[in-house]
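Here's the structure we're looking at; comments come further down.
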Amino acid sequence: MSNIESWDWESKEKMLADTAEWKDRFEDVWEPYISSDGEKIASIIKIGEGEFNICVNGNTWEEPFEKMWYSRFSPDGRLTALISKDAEWTMAVDGVALEETYEYIWDTKFSADGKTIVAIVKQDGVYGMLVNGKVWECPVKLESIASHAISPDGNTVAAIAQTVPLGQADLDGFLKGTWSVVVNGKPWNDNFVGIYGLAISNDGKKVAAEYRAAICEYGIVVNGNPWIEKFGCTWEPVFHPDKSDEIIVPVRQAGQWFLAKNGRIVWDKGFFSLLYQTYSPDGNNIAVAVAPQFGKWTVAVNGQPWSVTFGECVQKPCFSPDGRKVAVIAKDSGKWLLVVDGAVLGEGYDNIWQPVFSPDGDKVICKVEKNGKYAVAVNGEIRGKNYEALWNPVISPDGTRAMICGVESGRYYRKVVSLSNI
Amino acid sequence: MKPTIVKREPVVDEALDQCEARLTEEQIEKVVNEVIDKETGGRLWTYVNTCIHCGLCAEACHWFLSNDRDVSYAPVTKVKDTIWVLLEKKGKVDGAFIKRCSEIAHTECNLCRRCGMYCPFGIDIAYMLLVVRRICAKLGMVPLYLQDTVHSHAATMNQMWVKPDEWIDTLQWQEEEGQGFVPSARLPLEKEGADIMYSVIGPEPKFLAQLLGNITVIMKVAGLDWTMPATAGWDNSNMAMYSGDFEIMARVERLHHETAQRLKVKRIVMGECGHAFRGAEYDGPTWMGWMKPPIPIVHAISFYYDLIKSGKIKIAKKAKGPITVQDPCNVVRNGGLGDKLRYIMNAVCEDFVDVTPNNRYNYCCNAGGGVINVGPPWKKKRVQGNRIKAEQFKRTGAHTIVTPCHNCHSGIEDIVDFYKLGMHVKFFSDILIEAMEIPEHLKPKEE
Ligand code: SF4
Ligand code: SF4
Ligand code: SF4
């Protein structure tokens, strides 16, 4: 999150918009989004037949558009939307549409500081990446782009792209390889049967992905160089937070899942299933979601599964800033549960959003849903009031306060509360 | 064991022919034993050892019944000629044998599981034939068009090579179509926290886009909070499950279920498709290690049943004349939705005429199990292999057949055409959209 220090951590409560009133003003009001600092709330609005605009804290952009969708704030607070005018598509940022237009545009993403904004575009049947308003130059005509990723500093943009045209029902052509990875406009030398699970190292220097070598043969390819080891199946690779030469990945061998680091299996234990490998912030610990047996899910930290298991699933684990604690959202008997270090905190909910730890790891805060209302839960217990809409709380850099943004009776509030009081 | 007498018109399927030429006996032996030792368990051996070769299962199979009781089409023959031999010879067979295995498993069995109901021991022939398909898939012995569909799943995560922009563009277009009926209708994309994620199968955006317009209207009239993903993960179908490529099957299912989790919905409602339900409800979660889908999945039949029963959708004018139905095996025989299907049919039709046999005992459409996906080379055999379905429909005297499953829909259209039944084939939502009441305040304003 960019410039989090400079956000307003002093004002206890600001009522920034009355969204109920928007519903009277406009024909239709879509679901709202807020800026990361909580200062702005925006919804796409319909003002007439084929006429859309966006309402930000009660004010609309100057110019309406024929169609609009995918309004998202960049981490530095700029509001983007995908818009169409004269039947052509482009992106608008803070009300200003880019001059260049495209046949289609989708999947906007941002660098961590918000300075780089990317989206996929198609023009004359050719696919490309739009990076800060310019489509990258690629020597190969891209037939499709399946997904893309951006490094935290925004300098590396990588895409999984179809680099070779393929005729109808051309099985041999497919198995020769029609997919590759394109990094800042430059495709890797080789094409592959399939590419999945794109990842970029935090320093932006390495790009890794799963590749499919044959019908039932998978491996990992880094900067275009495949690992020698191949597996029955793999899931997406993850880079060490500091060391771009260390990659962990779930791999399947002889019907069991293992964790592999740089091609070698690290824990001797295999699992029925293994997903969502996560490093601690310092990179010294690894947590993964595992099913030691069919239908029994838990988290394994450094290879050691918790003793508690859950019947339905667990999601991606998350570490406390000091790396000592692990929280995860699990599902059992139809309820979502917050679990920290193997202990369920509080009761079950209809939904739980990704938890955040306080800096000392003592508190885990998250947005929860119960009976159609949203609330903030601390260590699994609901604190404070219910909201009609709520965003995940953000903790101040000094770790003393939390920003809570939510809508009550149509009014959008941004609140800052002391962590010790909630 | 006596060899089976097999009479078939020759079919040219390039993929099978080329694979036969390429395969070595070492490769075959290795893969057969790998699959049998590492991927199957007691279940397979129990089935093989329990069978008393009584042949009662033959009476269940539409292939056998439609081909003048040709024994080579009997369920037990299909396993006798494939997995039994592979087990007995410990995989020491040649490419021609594996090719015949694929022909039997991929083109002459729909995995519909009707035979299992007639077997005194409940032997699941379909499971054994899926093991055969798995072996074939690992050897690359998959009919051309089915393999191409699986490649589409692998490359695009949908069945029809639909590119990401084509998907979103189609949804936005169908939203406008829906607004023609109900101006305030919306097809909300990527709405996190909606109650429902609606997912469909690849052919909907490709060939049957009006179904997306239909659902836009239905959701609005029913007042539901729903969304559709603007990313891959929208396609709930899965031909990789049927070719035997379980890794791609799992990748597709994982993405579908994780997309629902990412969107934080309470349930996935899926369109009218049988095999997609099987993949999303059972096969996919099972491979992933999930006891059941992390976000519950609701088939269109249950969904419409709830909407009609609760009065969220009211019926204004029932469809006229005799209308009959197909019971998709994967949601009726194997999913128990037959009674709900009859409830909704009676709710929207003035004169619903049931088929005999019906419900769990209904015959398969002969398109499912990936059999329609093996494509044009095999079409003639497929339609000839379901004469009894044509006769069954003819007996109803209906003018329209409702098929709450895409494969049933296409397969039955072929049967209607081939046997000159002169009937229409429709999805349930096509009938519902005509029959339902659109409340006054939602109707387009007269100019
Ligand atoms: S088509 Fe159905 S009845 Fe015939 S063998 Fe296959 S599963 Fe059994
Ligand atoms: S009915 Fe059962 S026991 Fe008899 S031949 Fe068929 S599978 Fe074997
Ligand atoms: S296509 Fe339809 S009837 Fe046919 S096997 Fe599937 S579910 Fe069964």
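The values are calculated or read from the model by the stated rules, or taken from the named source; none is laboratory data. It should be emphasised that the depicted structure is a prediction, and the values quoted were computed from it without experimental measurement. A quick note on method: Cβ atoms are made from the backbone with ideal geometry, for glycine too, and the neighbour counts reach across all protein chains shown. Side chains included, ligands, DNA and RNA excluded: accessible areas come from the protein's heavy atoms. Shrake-Rupley method; radii C 1.70, N 1.55, O 1.52, S 1.80 Å.
As I understand it, the dipole of chain A uses +1 on the Cβ of Lys and Arg and -1 on the Cβ of Asp and Glu, about the Cα centre. Which of A:Gln304, A:Cys138, A:Val364 lies farthest toward its positive end? My answer, from the dipole projection, is A:Gln304.
With helices as the sole contributors, chain B gives -14000 deg cm²/dmol at 222 nm; each DSSP H run of n ≥ 4 counts as -39500 (n - 2.57), and the sum is divided by every residue.
Residues whose amide H lies under 5 Å from that of A:Lys325, counting only those 5 or more places away or on a different chain, are A:Ser320; hydrogens are built 1.01 Å from N in the peptide plane.
In order along region B:423-440, phi translates into HN-Hα couplings of 10, 8, 10, 9, 7, 4, 5, 5, 6, 4, 4, 7, 8, 6, 8, 9, x, 3 Hz, rounded to whole numbers, per the Karplus curve 6.51 cos²θ - 1.76 cosθ + 1.60 with θ = phi - 60° and x for Gly and Pro.
Electrostatic bookkeeping for A:Gly410 treats Lys and Arg as +1 and Asp and Glu as -1; over the other residues with beta carbon under 14 Å from its beta carbon, the sum is -3. Using Cα springs under 10 Å in a Gaussian network model of chain B, which residue among B:Thr227, B:Thr46, B:Thr259 shows the largest mean-square fluctuation? The residue with the greatest mean-square fluctuation here is B:Thr46.
Apply 1/(1 + (r/R0)^6) to the Cβ-Cβ distance of A:Gln293 and B:Lys206, taking R0 = 45 Å, and write down the FRET efficiency to the nearest 0.05.
Here the calculated transfer efficiency is 0.65.
Can you work out D for region B:307-427 in µm² s⁻¹ from Stokes-Einstein, where Rh is the Kirkwood radius over C-alpha pairs, the temperature is 10 °C and the viscosity is 1.306 mPa s? Spell out each step's value before the answer.
On the way: Rh = 14.7 Å.
Taking Rh from Cα pairs, D becomes 108 µm²/s.
Placing +1 at every Lys and Arg Cβ and -1 at every Asp and Glu Cβ, with all other atoms neutral, what dipole size does the protein assembly as shown have around its Cα centre, in debye to the nearest 20? Please list the in-between numbers first.
Working: 97 positive and 112 negative charges, 613 e Å.
Charge dipole of the protein assembly as shown: 2940 debye, to the nearest 20.
Find the centroid of the Cα atoms in region A:149-181 and in region B:231-278, then give the distance between the two in whole Å. So the two Cα centres are separated by 22 Å. For chain A, the mean residue ellipticity at 222 nm estimated from helices alone is -500 deg cm²/dmol, where every DSSP H run of n ≥ 4 contributes -39500 (n - 2.57) and the total is divided by all residues, rounded to the nearest 500. Ordering B:Leu87, B:Thr40, B:Cys54 by the projection of their Cα atoms onto the charge dipole of region B:1-120, which places +1 on the Cβ of Lys and Arg and -1 on the Cβ of Asp and Glu, puts B:Cys54 at the extreme positive end. Please check which bits of region B:139-161 a label hung off B:Glu14 would reach, taking the label as a point 7 Å along Cα-to-C-beta and the cut-off as backbone N under 17 Å. Backbone N within reach: B:141-152.
Do you know the relative contact order of chain B, to the nearest whole percent, from alpha carbon pairs under 8 angstrom that are 6+ apart? List each step's numbers first, then the result.
Details: 848 pairs, mean separation 72.2, N = 447.
Answer for chain B is 16 percent.
For region A:284-422, what does the accessible surface come to per residue with a 1.4 Å probe? Please give it in Å².
On the way: 5130 Å² over 139 residues.
With all protein chains present, region A:284-422 gives 37 Å² per residue.
Answer rounded, prolate or oblate for chain B, using the Cα gyration tensor with square roots of eigenvalues a ≥ b ≥ c: rounded when a/c is under 1.5, else prolate when a/b is larger than b/c, else oblate. It comes out prolate by the Cα gyration axes.
Need the C-alpha centroid separation for region B:153-180 versus region A:296-368, integer Å. Here the answer is 36 Å between Cα centres.
For chain A, rounded, prolate or oblate, judged on the Cα gyration tensor with a ≥ b ≥ c (square roots of eigenvalues), a/c < 1.5 rounded, else prolate if a/b > b/c? Since a/c reaches 1.5 but b/c is at least a/b, the shape of chain A is classed as oblate.
A simple spin-label model places pseudo-atoms 7 Å from Cα toward Cβ; at B:Leu224 and A:Asp242 they are separated by 5.1 nm.
Placing R0 at 35 angstrom, the Cβ-Cβ distance between B:Lys443 and A:Asn386 gives a FRET efficiency of 0.50 after rounding to 0.05. For A:Asp332, B:Asp148, A:Asp190, the ranking by accessible surface with the largest value first comes to A:Asp190, A:Asp332, B:Asp148, using a 1.4 Å probe.
Under 5 Å from the amide H of A:Cys313 lie the amide H atoms of A:Lys331, each residue being 5 or more positions distant or on a separate chain, with H modelled from the backbone and absent for Pro and chain starts.
Over chain B, what is the percentage of antiparallel beta bridges among all DSSP beta bridges, to the nearest 5?
Here the share of antiparallel DSSP bridges comes out near 5 percent.
Computed about the Cα centre, the dipole magnitude for region A:264-422 is approximately 280 debye when only Lys and Arg (+1) and Asp and Glu (-1) carry charge, each at its Cβ. Of the cross-linked pairs A:Lys230/A:Lys296; A:Lys296/B:Lys38; A:Lys205/B:Lys38; A:Lys415/B:Lys292; A:Lys40/B:Lys206; A:Lys85/B:Lys163, which ones have a Cα-Cα span greater than 31 Å in the structure shown? Over 31 Å apart, Cα to Cα: A:Lys205/B:Lys38; A:Lys415/B:Lys292; A:Lys40/B:Lys206.
Considering only A:Gly399, A:Asn379, A:Gly154, the residue lying farthest towards the positive end of the dipole of chain A is A:Asn379, judged by Cα position with unit charges set on Cβ.
A:Tyr211 contributes about 10 Å² of solvent-accessible surface, heavy atoms of the protein only, 1.4 Å probe.
With every protein chain kept in the model, how would you rank B:Lys30, B:Lys80 by accessible area, 1.4 Å probe, largest at the top? Show your work: numbers first, answer last.
Details: B:Lys30 135, B:Lys80 40 Å².
Ranking B:Lys30, B:Lys80 by accessible area, largest first, yields B:Lys30, B:Lys80.
Can you tell me what share of the DSSP beta bridges in the protein assembly as shown is antiparallel? A percent to the nearest 5 is fine. Antiparallel bridges: around 90 percent, rounded to the nearest 5.
Which length gain, in nm to one decimal place, applies between B:Arg69 and B:Arg395 when the Cα-Cα distance is subtracted from 0.36 nm times their residue separation? Don't skip to the answer; put the middle values down first.
Working: separation 326, 0.36 × 326 = 117.36 nm, distance 2.08 nm.
Full-extension gain reported as 115.3 nm.
Magnitude of the charge dipole for region B:157-306, about its Cα centre and with charges confined to Cβ atoms of Lys, Arg (+1) and Asp, Glu (-1), is about 340 debye.
Taking label positions 7 Å along the Cα-Cβ direction at both A:Glu27 and B:Asn49, the computed distance is 7.1 nm, reported to one decimal.
Taking only the C-alpha atoms of the protein assembly as shown, the Rg (one decimal) and the largest Cα-Cα distance, Dmax (whole number), read 27.7, 88 Å.
Specify whether the C-alpha gyration tensor of region B:136-213 places it in the rounded, prolate or oblate class, a ≥ b ≥ c being the square roots of the eigenvalues: rounded for a/c under 1.5, otherwise prolate if a/b is larger than b/c and oblate if not. Prolate is the answer for region B:136-213, as a/c is 1.5 or above and a/b outweighs b/c.
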